[in-house]
Structure formats: C-alpha cells, structure tokens
Amino acid sequence: MYSQMDRSAPWSELGTRLSFSFAPFLMGRPGWGLARNAPRGLDPVGGYAGSLLLPLAAFGLFATRASERWILLALGALGLLASASAPIVADVLAKVPPYNLAINERLAFAWAFAITALAALGAEAWAAAPERRRLAGLAALTTAALGALVLVMAPAALTGRLSPELFARFWLLLLLPPVGVWLVARWWRPASSALAVLLVLLVAQRVGEMGDVYGDFPRAAFFPRPPVLSKLPEIGGDTGTEVYRVVGRAFTFIPNAAAMWEIEDPRGYQAITHERLAATLPLWSRQLPVWFNVVPRLDVPFLS
C-alpha cells in the first residue's frame, strides 16, 4: 500500500510539520487528539525530547571537537525531514527498500536520539571546560526562537482541541527550561553540580509534559480473563508449562489481544509478512489490507 502512495507532504505544510519536533502541542496534544486543521498524518510526526536539551545540543555541535557530532547531525537532519514528509527527501527515501514499505514519519526517533546524544556531548564538554557565556547565549537564542514559534502558531493551537489553560501550561514548560539553562550557565558553580540541576529540570519538564498521557491501570481493566480459558488444562513439555495456540474466528483476537491472555495466535501480527507464510494464507484465512488475517471458518482443513 505505502509503496504506491505519494510520500511527500505539500510545501505549504512543511513548516507546521517541522514545528512538531520542537513544540508538539502547537496543533493539539499528541495522544489526546489533534486540531481539526492539523495536516494529514501528523500523529506519528515529531521527535521532541525536551526543549532543555536544545542549547546543550547546540553546544555539543559547535563548541566541541567530537568527530561523531557530524554523524549525529546528519542522522538527526534525516530523521527530522523524513518525519515531516519533506518533499524530495520523502520521495527519495521511499525509493530505497525497505523504506518504500515503511511509515517513514516514525524516523522522528532519529531526530530525538541525535538531539539527546549531542546534548550529552555538550554537557560533557561544558563540565570539562565551562564556557558560560557561550552556553548562556545558546540558551537565550533557543528561548527566543521557541518563543517566536509559539507566537506564530498560537492562533492555530487555540482554535484546535487545546484549551487556553493547557496551552499556557505547555508554553511555560517549553520556554522556562531553556531559561533555566541560561541561569545555570551564568550563575551556578561548580559545573558538575550545575549539570545535576539541569538533569532535575529536564526530568521535571518531561513529567510535566508527558506524565499524564498514559495512565496506570490494572490489566484486568482492559483484558479480564474469559472464563472459557480457565477450562483449558495445563499442558507440560520439556521446558515446563507450554502455551496453547488458538485462533479467533472473524474479529475475535484482533492483533496482539491473544498475548494478553498468554495464548498464541498463528496469524501473528508483523509489519512485514514472510513470503512462505503468505503463500498459505488463502488456504485458511482472508487477508485485510494493512492489518491482519480474518479467519471466517474454523472447519477449514489447513487450519488444524
């Protein structure tokens, strides 16, 4: 399916898509629903790792001599542009196997990884030789650039699904940490404890931004054990208790559900289907596009 699609986004959307990796709340709240005017396919876009890391990453890039910083920059740039479905980059990447089959917006992780690694290099270099004025200047530039981005995108964010209260919360969580880097770089001594302060600030920022996205609930709240499964006798093997392999008719046991009850589903659920397995599918199931296999009948001979 993906190999037949136009993989690049319009040039007019590129700025919005790129901004998602610097301020992901500007078109709604990821995981909670995006704005109605958000570009198509924006959900998997964005490799945001915390604005506090940006000045440290810039310091790692421009103020150190680590040879790997250029590899990280190239990797991060590729991830940033691919995640935004940037024209030219997205089209070229989609001609290279296996990226012609993949959801390449998920390469946003490469941008997040590169920023994090560059920030680690920057923190290490700054601790060894604290260039306070340079790091403070980078923190000030980061704050100013992110502030301008928020001002430009604020109308779109507020007309989406983000309340003014949440917008203000994320605005503060985005801009205050780089200000904290500026304060620490200018006034905190010694450098080793300054990095400890920045680590605490980073954790506080990420908890404030992401701490309530995924709640904690007991497994039984979503996957109560069906009584019929308790009637299955235990089966032993050379390595102890084994698991049953079962198949659900029609839409019973949609992908990954069987694993929650510790039973195996022979249909599996992978991004790529092995050719030898695919050759058997018409004998016992009906394959759905870009999803999994429906088993309409349980009396098919090959199924057993």
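The values are calculated or read from the model by the stated rules, or taken from the named source; none is laboratory data. From a predicted model like this one, the values you see are computed outputs, not experimental measurements. Heads up, the Cβs are rebuilt from the backbone with ideal geometry, glycines too, and the neighbour counts pull from every protein chain shown. To get the accessible areas, we keep the full protein, side chains included, count just its heavy atoms, and leave off ligands, DNA and RNA. Shrake-Rupley method; radii C 1.70, N 1.55, O 1.52, S 1.80 Å.
Look through 93, 107, 101 and report the one residue that is in contact (Cβ under 8 Å) with a residue 12 or more places away in the chain and under 25 Å from residue 54 (Cα atoms). Unique residue meeting the criteria: 107.
Of the residues making up the stretch 174-196, just one is open to solvent by 40 Å² or more (accessible area, probe 1.4 Å) and either of a type in the set (Val, Ile, Thr) or farther than 21 Å from residue 133 by Cα (or both), namely 179. In summary, residue 144 fulfils each of the numbered conditions (1) at pLDDT 95 or above; (2) within 23 Å of the chain's Cα centre (by Cα); (3) among the aliphatic types (A, V, I, L, M) with the single exception of condition (2).
Listed by first and then second residue, the pairs with beta-carbon distance under 9 Å, at least 6 apart or on different chains, first residue in the stretch 264-287 and without any contact (Cβ under 8 Å) to a residue 40 or more places away in the chain, second basic (Lys, Arg) and part of a loop (DSSP other than H, G, I, E, B), are 281/267; 284/297; 285/267.
Conditions tested, residue by residue: (1) of a type outside the set (Ser, Thr, Tyr); (2) under 23 Å from the mean Cα position of the chain (by Cα).
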residue	(1), (2)
182	yes, no
209	yes, yes
214	no, yes
225	yes, no
265	yes, no
271	yes, yes
274	yes, no
280	no, no
297	yes, no
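Beta carbons closer than 6 Å, at least 6 apart along the sequence or on distinct chains, pair a first residue in the stretch 1-20 that is at negative phi with a second that is among the hydroxyl-bearing types (Ser, Thr, Tyr) and open to solvent by less than 40 Å² (accessible area, probe 1.4 Å) for 8/85; 9/85. Looking only at the stretch 216-244, which residues are under 17 Å from residue 295 (Cβ atoms) and modelled with pLDDT of 80 or more? Once the filter is applied, which keeps residues that are under 17 Å from residue 295 (Cβ atoms) and modelled with pLDDT of 80 or more, the stretch 216-244 yields nothing. In the stretch 208-228, the residues that are open to solvent by 50 Å² or more (accessible area, probe 1.4 Å) form Cβ pairs under 8 Å with partners that are of a type outside the set (A, V, I, L, M) and modelled with pLDDT under 80, at six or more places apart or across chains, as follows: 214/31.
Of the helices (runs of 4 or more DSSP H) entirely within the stretch 84-170, those holding at least 2 residues that are open to solvent by 80 Å² or more (accessible area, probe 1.4 Å) occupy 108-128, 132-158. Against the condition in a helix (DSSP H, G or I) and on the phi < 0 side of the Ramachandran plot, how does residue 49 come out, does it pass? Considered against the rule, which asks whether it is in a helix (DSSP H, G or I) and on the phi < 0 side of the Ramachandran plot, residue 49 comes out as no. Scanning the stretch 5-27 for residues being in a loop (DSSP other than H, G, I, E, B) and among the basic types (Lys, Arg) gives a total of 1.
Just one of the listed residues (203, 197, 213, 207) is touching a Phe, Trp or Tyr at 6+ places or on another chain (Cβ under 8 Å) and at pLDDT 85 or above, and it is 197.
Per-residue answers, yes or no, for (1) closer than 26 Å to residue 168 by Cβ; (2) acidic (Asp, Glu); (3) open to solvent by 20 Å² or more (accessible area, probe 1.4 Å):
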site	(1), (2), (3)
12	no, no, yes
20	yes, no, no
24	yes, no, yes
38	yes, no, yes
49	yes, no, yes
60	no, no, no
70	no, no, yes
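With respect to residue 54, determine if the residue is buried (at least 21 other Cβ atoms within 10 Å of the Cβ), modelled with pLDDT of 95 or more and touching a Ser or Thr at 6+ places or on another chain (Cβ under 9 Å). So residue 54 passes the test. Within the stretch 269-297, work out how many residues are loosely packed, with under 14 Cβ neighbours inside 10 Å and either farther than 17 Å from residue 247 by Cβ or among the small types (Gly, Ala, Ser) (or both). Total satisfying the criteria: 9. Looking across 90, 154, 168, 123, one residue alone is touching a Gly at 6+ places or on another chain (Cβ under 9 Å) and of a type in the set (Gly, Ala, Ser). It is 123.
As for the stretch 58-79, it holds at least one residue that is modelled with pLDDT under 90, in a loop (DSSP other than H, G, I, E, B) and hydrophobic (A, V, I, L, M, F, W, C).
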